[in-house]
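Let me begin by presenting the structure, written as structure tokens, before commenting on it.
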Amino acid sequence: VHRGKTVHPDDLQDVLARAAEAGVERCLVTAGSLEEACAAIKMIRELRATSPVALYSTVGVHPTRSLNFLPKAARSELMMLMADVSAAEEAVDKSDAAADAVDKMQAAITALTAAQEHLLGTAEVVAAAASHVQALREAIRDGVSDGTVVAVGECGLDYARLFFSPAAVQRFAFDAQLKLAAEVHLPLFLHSRDASSDMESACRCYPEALAEGAVIHSFDGDEATLETLLKLGIDIGLNGCSLRTQQGFEVAAKVPLDRLHLETDAPWCGIKPSHVGVKHMRKSKWEEVKKEKWQQGCRVKDRNEPAQIEHVLQVLNAARGGTPSDEAIIADAALANSVRVFRLPFTLDSA
């Protein structure tokens, strides 16, 4: 299914087989909502006997889905106000920042801010959030019972896409999940985009959550942000999005081996021709075809897969100035770190 449209037959088994052939032993299936978490747990249990890769899951709410914590009436009110802000911002762009358009935009932003401050303190919202946390808690307990669920997440803050959920609601939802992680004694799988300062502030408020372990995925921040996260005790996950720019290429090389995790964020964040490190990526053994021309045994163009973690490894090794023989050192370190943080079995025989 590509962006909601079925384009070719289900090839999940092929994807898992390619991952195993590329050397992937474990996959973390990342949930972004309660519904996705329940679906992931169900899928993993159905595949456990046949998958050539050991599968595990997270349970959590992505920051862009933070409105899920609110009751329907509050969601509707905020969504209308968010639409007003978007329309006002568009009007500013079209009018080349005319004074009256700017005034209307500021008024729309003020109204949205005031509504958040009011709604997040109401009994209805507090009760709805508590109910949503309880549902997440139950999914976690179910998944932990047989070793399926290993982390709380993907949760965090995303200020680059406030049109999905406004900032105060994101922080409200993130705080709830930080408390939950500390309660259930699971590590965190974190998301941060254009929100470094608030991410740091939130994490400092809940040190007991970070004490369980944490990885911030798809890291693409600067060196100062890297140092801040490391000092907070947060490990760093790198993928194609982390390595797309020259700055990302250089900062990624500074991640200590004992705090590094490799990831794909499949089906997103593949290494693209425009990325600075693409020249260090070796050609895949699997042919790539457009989704409309799908055929068994081929990868789909522009759809990232777990097998392509080898490309992340190759580019990161080049960023670190290594030779091909150094790739094994990085791979071994990253695997050991992920096994440690997510408390996975050290050998697949015990998975």
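Return a yes/no flag: does the stretch 218-233 have any residue that is more than 15 Å from VAL315 (Cβ to Cβ) and crowded, with 23+ Cβ neighbours inside 10 Å.
The answer is yes; a qualifying residue exists.
Of all residues in the stretch 299-339, which are assigned to a helix (DSSP H, G or I), open to solvent by 40 Å² or more (accessible area, probe 1.4 Å) and without any contact (Cβ under 8 Å) to a residue 60 or more places away in the chain?
PRO324, SER325, ASP326, ALA328, ASP332, ALA336, listed by residue number.
With respect to THR122, is the statement that it is surrounded by fewer than 16 Cβ atoms within 10 Å (Cβ to Cβ), out of contact with any helix residue (DSSP H, G or I) (no Cβ under 7 Å at 6 or more places or on another chain) and closer than 22 Å to LEU180 by Cα true?
Judged against the criteria, THR122 is a match.
Of (1) of a type outside the set (Asp, Glu); (2) over 16 Å from the mean Cα position of the chain (by Cα); (3) surrounded by fewer than 24 Cβ atoms within 10 Å (Cβ to Cβ), PRO187 satisfies all except one. Which?
Result: PRO187 passes all but (2).
Counting just the residues of the stretch 255-290 that are within 21 Å of the chain's Cα centre (by Cα) and of a type in the set (Lys, Arg), which one comes out most open to solvent (accessible area, probe 1.4 Å)?
Looking at the filtered set, the residue picked out is LYS272.
Answer yes or no as to whether ALA22 is closer than 14 Å to GLY147 by Cα and of a type in the set (A, V, I, L, M, F, W, C).
On the way: closer than 14 Å to GLY147 by Cα: no; of a type in the set (A, V, I, L, M, F, W, C): yes.
In short, no.
Can you name the number of the only condition in (1) among the β-branched types (Val, Ile, Thr); (2) touching a Lys or Arg at 6+ places or on another chain (Cβ under 8 Å); (3) part of a helix (DSSP H, G or I) that VAL276 fails?
(3)
Pairs only if they're at least six apart or on different chains, beta carbon under 6 angstrom, first in the stretch 1-26 and under 20 Å from GLU310 (Cβ atoms), second assigned to a helix (DSSP H, G or I) and open to solvent by 60 Å² or more (accessible area, probe 1.4 Å); list them, first residue then second.
The qualifying pairs are GLU25/LEU348.
When you look at LYS94, is it open to solvent by 60 Å² or more (accessible area, probe 1.4 Å), in contact with a helix residue (DSSP H, G or I) (Cβ under 6 Å, 6 or more places away or on another chain) and not aromatic (Phe, Trp, Tyr), yes or no? Steps first, answer last, please.
Details: open to solvent by 60 Å² or more (accessible area, probe 1.4 Å): yes; in contact with a helix residue (DSSP H, G or I) (Cβ under 6 Å, 6 or more places away or on another chain): no; not aromatic (Phe, Trp, Tyr): yes.
Considered against the rule, which asks whether it is open to solvent by 60 Å² or more (accessible area, probe 1.4 Å), in contact with a helix residue (DSSP H, G or I) (Cβ under 6 Å, 6 or more places away or on another chain) and not aromatic (Phe, Trp, Tyr), LYS94 comes out as no.
Might you check whether a residue that is within 22 Å of LEU190 (Cα to Cα), part of a loop (DSSP other than H, G, I, E, B) and either among the charged types (D, E, K, R) or free of Cβ contacts under 8 Å to residues at least 40 places away in the same chain (or both) occurs anywhere in the stretch 56-75?
So the first thing to find is which residues in the stretch 56-75 are within 22 Å of LEU190 (Cα to Cα), and the list is 56-70.
Then keep just the ones that are part of a loop (DSSP other than H, G, I, E, B); that gives 60-62, 70.
From what's left, either among the charged types (D, E, K, R) or free of Cβ contacts under 8 Å to residues at least 40 places away in the same chain (or both): none.
There is no residue in the stretch 56-75 that is within 22 Å of LEU190 (Cα to Cα), part of a loop (DSSP other than H, G, I, E, B) and either among the charged types (D, E, K, R) or free of Cβ contacts under 8 Å to residues at least 40 places away in the same chain (or both).
Name the residues in the stretch 250-263 that are hydrophobic (A, V, I, L, M, F, W, C) and closer than 17 Å to ALA224 by Cβ, would you?
VAL251, ALA252, ALA253, VAL255
The values are calculated or read from the model by the stated rules, or taken from the named source; none is laboratory data. Worth saying up front: this structure is predicted, and the values here are computed from it rather than measured. Cβ atoms come from the backbone with ideal geometry, glycine included; neighbour counts cover every protein chain shown. Heavy atoms of the whole protein, side chains included, go into the accessibility calculation; ligands, DNA and RNA do not. Shrake-Rupley method; radii C 1.70, N 1.55, O 1.52, S 1.80 Å.
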